[in-house]
Amino acid sequence: MQAEKTFGTFFAGAIAGARPDIQNYGLNTSLLEYGGYVGSIIKSARLDARTTLGFLQQNNGAEVDRRYTYFQHSSNIGRALNFFSSFELDLFNPIDGQARLTNLYFSSKYRFSRRVDLFASFDSRRRIVYYETYRNDVELLLDDDEARQGARVRLTFKPIKNVLTGVSFSKRFQSSGLNSSDNINGYVTFSGDQDEWGRWTVQVNRNTSNYLRSDIISFRHARTIVPRKLNAGLYYRSVNYRYGMSNGTEGLYSETRQHYYGADLSWNICPMLVFAVLGEMSTIGTDRSYRFNTSITKRFDGKKNR
């Protein structure tokens with residue numbers, strides 16, 4: 001349950017509830033969670049910003065499981081710059097009394113023009129420790145308290161009409177050097193007339209870690225078969241896994257190549273009812289496997305009910 005009250009450009013709220021049971025994800029009212037938050041909203045011709053600072057406590061029965069504060073800020077400066085940041089600081093630590101920064105995230109997007117924009121982000125995450133729930137394993141969890149960090153940058157641009165392309169690079173790392181990986185991704189999309197040319201996308205991706213390199217190339221085509229009624233898509237994806245990589249250098253390795261062939265179809269039975277079906281075959285050498293998925297989605301238009 002959540003209640004909130006605004007006071008001009010400021011607001012305050014309270015939260016109360018229960019976390020899901022850690023064994024069966026069902027309702028467990030002994031895992032009580034409650035807290036409050038305050039914040040501000042700024043709206044002007046040049047700045048649209050919202051900032052929130054909150055405090056929450058999570059219990060297991062009568063004992064404190066976790067107590068933390070969180071901060072979140074988002075802002076749009078003019079029409080070109082967007083900024084977002086958040087963090088969680090755990091305040092309850094009966095082992096050594098020190099606060100732990102368990103979650104930190106920054107991202108920013110800058111639009112140079114209608115054709116080019118640049119996005120960058122950084123995150124740092126630590127394992128969340130529930131001191132009562134994990135009572136017997138707390139010391140082991142804190143021994144592995146190294147932050148998992150990541151950085152990402154993405155450039156998107158539209159060189160000509162109907163063509164959108166982008167490239168991104170992301171890196172995951174730890175101070176110990178374990179679990180590190182680099183990921184490079186690029187794509188080109190042509191969006192023509194859906195009735196004639198449809199939408200064509202080519203995407204490539206390379207991910208390199210301490211022990212594995214994967215190379216992926218995929219092609220997808222989607223188009224309208226019957227306007228506002230029937231849409232179809234075809235795709236192919238080739239994945240090459242190369243095991244035995246060591247710190248980015250090639251030595252002894254084993255290689256596996258996998259191919260995916262798929263098609264999907266969606267039928268708008270009526271404006272609020274959609275039926276969809278997907279079929280896929282994947283191959284590794286002479287081995288084949290098949291996947292089939294079907295769904296039906298009903299939407300409700302709240303405006304018509306008013």
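Just a few scattered comments:
- Some residue of the range 68-85 being open to solvent by 50 Å² or more (accessible area, probe 1.4 Å) and at positive phi: no
- Flag for Tyr110 being closer than 30 Å to Asn162 by Cβ and of a type in the set (Phe, Trp, Tyr): yes
- Cβ-Cβ under 9 Å pairs, at least 6 apart or on other chains, the range 234-256 side farther than 30 Å from Arg223 by Cβ and acidic (Asp, Glu), far side modelled with pLDDT of 80 or more and in a strand (DSSP E or B): Glu250/Arg213; Glu250/Arg242; Glu255/Asn240; Glu255/Tyr241; Glu255/Arg242; Glu255/Tyr243
- With respect to the conditions (1) open to solvent by less than 70 Å² (accessible area, probe 1.4 Å); (2) assigned to a strand (DSSP E or B), Thr133 lacks only one, and its number is (2).
- Answer from Leu101, Leu142, Leu164 - the residue that is closer than 23 Å to Glu33 by Cβ, over 18 Å from the mean Cα position of the chain (by Cα), part of a strand (DSSP E or B) and of a type in the set (A, V, I, L, M): Leu101
- Verdict on Leu104 being more than 20 Å from Ser168 (Cα to Cα), of a type in the set (A, V, I, L, M) and surrounded by fewer than 17 Cβ atoms within 10 Å (Cβ to Cβ): no
- Complete set of residues in the range 207-224 that are touching a residue at least 24 places away in the same chain (Cβ under 8 Å) and open to solvent by 70 Å² or more (accessible area, probe 1.4 Å): Tyr211, Arg223
The values are calculated or read from the model by the stated rules, or taken from the named source; none is laboratory data. Given the structure is predicted, the values throughout are model-derived calculations rather than measurements. Here the Cβ is made from the backbone with ideal geometry for all residues, glycine too, and neighbour counts use every protein chain on show. Note: accessible area is taken over every heavy atom of the protein model, side chains too, but ligands, DNA and RNA are not part of it. Shrake-Rupley method; radii C 1.70, N 1.55, O 1.52, S 1.80 Å.
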